[in-house]
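Notes follow once the structure below has been shown.
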Amino acid sequence: MKKIAIITARGNSKGVRRKNLRKIGGDSLLAITFKSALESNIFDSIVVTSDNDEILTHAKALGADIIKRPSSLSQDGSKSIDAVLHALDSMKIVQGEVTLLQPTSPFRTSEHILKAYEGFNDNAVNSVISVCEMHDHPFKSFVMEGSHASPVRDFKDLESPRQQLPLAVKPNGAIYIVSIAELIAYKTFFVKPFSLYQMTRDASLDIDTEADLELANYLYSRRAI
C-alpha cells in the first residue's frame, strides 16, 4: 500500500505571478511544501505535477518525482482533483493513500501532516481534510434567490452572539488525505466516512494575492506561526 504525496504547482497564476516559485524566508513556496512532506517521513514518493518546465526543474533539484501536466489541466478553472487523478494514472497507481499538498499553504508543517495522518489511521476513515475556523459565521448570512433573501438557518442566528452558535469550519486547502481506490471511484476528496483536522487560522494562511505573500513574509520574520 503506497503512500504518495502529490504537490500541485501549475505555472500560470494570475493573482501572484510565478506564485509557486516565490519565496518566504529564502525558500520557494514549492520548496517549503516539499520539505514539510519530506520531514514528515511518511511518503514512499513525493510527486510534483506541473505544466511549467521551470517548476519541474526546480522540483527535480529538490529531489521530488515530477510529472508534466497537460495545459488543459492547468487553467484558472482547472480542479486540483483532476491533476491528482492524472498523476496517479501516469504512475499506474490504483491502491494506497494519496495526500494532496498545495504550495499555497506555506505554514503547513510536517507536524501538521503527521497529525492529520494520525486522524486518518486512528479513525478508520476514507479521507481527512484540514480545516480552520471561519472568520465570518455562515449562520449570520443570507441566501439570495433572485430578489428573495432568507437566512442560512434561522433569523435568530443573525442576532445571536457568535459564542452561542456551533463551531463552523471550512477546508483550508492545506492537507487532503484520501484512499486512492476511493478517490478514483468517487472522484472527490470528501469520501465518507471522513474526518476533519483543524488548524489555526495563521497556520492556514493561503497565498492567493501579493498581500498574502507580504503577510506570510512578515509572519515568518516574526516567527509568529
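The values are calculated or read from the model by the stated rules, or taken from the named source; none is laboratory data. Quick caveat: nothing in here was measured; it's all calculated off a predicted structure. With ideal geometry, Cβ positions are generated from the backbone for all residues, glycine too; neighbour counts draw on all protein chains shown. In case anyone asks, the SASA skips ligands and DNA or RNA and just uses the protein heavy atoms, side chains included. Shrake-Rupley method; radii C 1.70, N 1.55, O 1.52, S 1.80 Å.
At-a-glance table
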item: The stretch 188-216, subset over 14 Å from the mean Cα position of the chain (by Cα) and part of a strand (DSSP E or B), residue nearest to Lys170 (Cα to Cα); result: Ser195
item: Matching residues, the stretch 32-45, being open to solvent by less than 20 Å² (accessible area, probe 1.4 Å) and either in contact with a helix residue (DSSP H, G or I) (Cβ under 6 Å, 6 or more places away or on another chain) or farther than 17 Å from Ala5 by Cα (or both); result: Phe34, Ser36, Ser40
item: Residue selected from the stretch 192-215 under the condition at pLDDT 95 or above and touching a strand residue (DSSP E or B) at 6+ places or on another chain (Cβ under 6 Å), by the criterion surrounded by the most Cβ atoms within 10 Å (Cβ to Cβ); result: Met199
item: Matching option when the condition is within 30 Å of Ile93 (Cα to Cα) and either at pLDDT 95 or above or surrounded by 14 or more Cβ atoms within 10 Å (Cβ to Cβ) (or both), among Leu165, Leu183; result: Leu183
item: Qualifying residue in the stretch 133-153 (condition: within 30 Å of Ile184 (Cβ to Cβ), modelled with pLDDT of 95 or more, under 16 Å from the mean Cα position of the chain (by Cα) and not hydroxyl-bearing (Ser, Thr, Tyr)); result: no
item: Conditions (1) touching a helix residue (DSSP H, G or I) at 6+ places or on another chain (Cβ under 6 Å); (2) open to solvent by less than 10 Å² (accessible area, probe 1.4 Å); (3) aliphatic (A, V, I, L, M): number failed by Ile67; result: (2)
item: Set Gly15, Gly11: member being modelled with pLDDT under 95, under 20 Å from Asp208 (Cα atoms) and in contact with a strand residue (DSSP E or B) (Cβ under 8 Å, 6 or more places away or on another chain); result: Gly11
item: Residue in the stretch 86-102 that is surrounded by 14 or more Cβ atoms within 10 Å (Cβ to Cβ), in contact with a Pro (Cβ under 9 Å, 6 or more places away or on another chain) and either touching a residue at least 24 places away in the same chain (Cβ under 8 Å) or of a type in the set (D, E, K, R) (or both) present; result: yes
item: Near pairs, Cβ below 9 angstrom, 6+ apart or cross-chain, from the stretch 141-154 (of a type in the set (Val, Ile, Thr)) to any residue that is assigned to a strand (DSSP E or B); result: Val143/Ala149; Val143/Ser150; Val143/Pro151; Val152/Phe142; Val152/Val143
item: Of the criteria (1) without any contact (Cβ under 8 Å) to a residue 60 or more places away in the chain; (2) small (Gly, Ala, Ser); (3) touching a helix residue (DSSP H, G or I) at 6+ places or on another chain (Cβ under 9 Å); (4) open to solvent by 40 Å² or more (accessible area, probe 1.4 Å), which one Ala59 fails; result: (4)
item: Residue, surrounded by the most Cβ atoms within 10 Å (Cβ to Cβ), within the stretch 119-137, restricted to residues that are in a helix (DSSP H, G or I) and out of contact with any Leu (no Cβ under 9 Å at 6 or more places or on another chain); result: Phe120
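Quick grid of which residues meet (1) among the hydroxyl-bearing types (Ser, Thr, Tyr); (2) closer than 18 Å to Ser71 by Cβ:
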{"site": "Gly11", "(1), (2)": "no, yes"}
{"site": "Asn20", "(1), (2)": "no, yes"}
{"site": "Leu38", "(1), (2)": "no, no"}
{"site": "Ser45", "(1), (2)": "yes, no"}
{"site": "Ile55", "(1), (2)": "no, yes"}
